Amino acid sequence: MELKQLYREIVNEHNLHPVHKGKMENPDLVLRGVNPSCGDDITLQLKVKDGIIEDVMYDGSGCAISQASVDMMADQIIGKTKEDAIKMAGNFVGMIKGEVTDEESIEALDEAAALQDVAHMPARVKCAVLGWHTMQEILEHPEKSQS
């Protein structure tokens, strides 16, 4: 199977069968992220205990790329420290913008690396990074939480 085909299947799988979509009971941090150019609108909910992200859920709607990306992100950051999650977000956004190209950084993103080709689709960049930006924002500025 060609790599691009595999990537498409990963994105479709996360879009059609998201693992982390829904409402969380008593989240610690909640932040809405909106991409007006595409109509992507998500509300990210995090449970954080002692600096470790214990659970992540999101609600909302948007294009396949935005929905798959936030679902993959949730997979990646559960069990990580806030610092590691923020660092991952930086790597992901860098990859999408074509600034992070070293294999090690990209491989560390696991399934989210499937979105690497978005770097060649400028109109989709905001879709792919919406969840990651929202997560970075709420972890760096918990006072913005809407919970």
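The values are calculated or read from the model by the stated rules, or taken from the named source; none is laboratory data. In this text the structure is predicted, and so the values were computed from the model without any measurement. Positions of Cβ are backbone-derived with ideal geometry, glycine not excepted, and every protein chain shown enters the neighbour counts. Please note that ligands, DNA and RNA were not included when accessible areas were found on the heavy atoms of the full protein model with its side chains. Shrake-Rupley method; radii C 1.70, N 1.55, O 1.52, S 1.80 Å.
Taking packing as the residue-averaged number of other Cβ atoms within 10 angstrom, the listed peptides 136-145, 86-95 run from highest to lowest as 86-95, 136-145.
For the chain, what does the relative contact order come out to in percent, with C-alpha contacts under 8 Å and a separation of six or more? Display every interim value, and only then the final one.
Details: 248 pairs, mean separation 40.6, N = 147.
With pairs under 8 Å counted, the relative contact order is 28 percent.
Could you check how much of the accessible area of the chain is carbon and sulfur, as a whole percent, using a 1.4 Å probe? Numbers along the way, then the final one.
Numbers: 3730 of 7610 Å².
C and S atoms contribute 49 percent here.
Loop-only check: which GluC sites (Glu not before Pro) in segment 15-83 are DSSP coil with at most 14 other Cβ within 10 angstrom?
Filter output for segment 15-83: Glu25.
Given a 1.4 angstrom probe, what's the average accessible area per residue across segment 21-147, in square angstrom? Mind showing how you got there, number by number?
Values: 6040 Å² over 127 residues.
Using a 1.4 Å probe on heavy atoms only, each residue of segment 21-147 averages 48 Å².
Remark on Asp28: its backbone amide H falls under 5 Å from those of Leu46, Lys47, Val48, a criterion applied only to residues 5 or more positions apart or on other chains, H modelled at 1.01 Å from N.
Amide H contacts for Asp40 (H built 1.01 Å from N in the peptide plane; partners 5 or more residues away or on another chain; cut-off under 5 Å): Asn35, Cys63. Ranked by the mean number of other Cβ atoms within 10 Å of their residues, highest first, the peptides 2-8, 34-40 fall in the order 34-40, 2-8. Between the Cα long axis of helix 125-140 and the first principal axis of the chain there is an angle of about 30°, rounded to the nearest 10.
To the nearest ten degrees, helix 64-77 and the longest principal axis of the Cα atoms of the chain are 60 degrees apart.
The fraction of all Cα pairs in the chain landing in successive 10 Å bins from 0 to the largest distance is 12, 46, 35, 7, 0, given as whole percents. Restricting the GluC sites (Glu not before Pro) of segment 86-125 to loop positions (DSSP other than H, G, I, E, B) with no more than 14 neighbouring Cβ atoms within 10 Å leaves Glu99. In degrees, nearest 10, range 0 to 90: what is the angle between the Cα axis of helix 82-96 and the longest Cα principal axis of the chain? Approximately 30 degrees, to the nearest ten.
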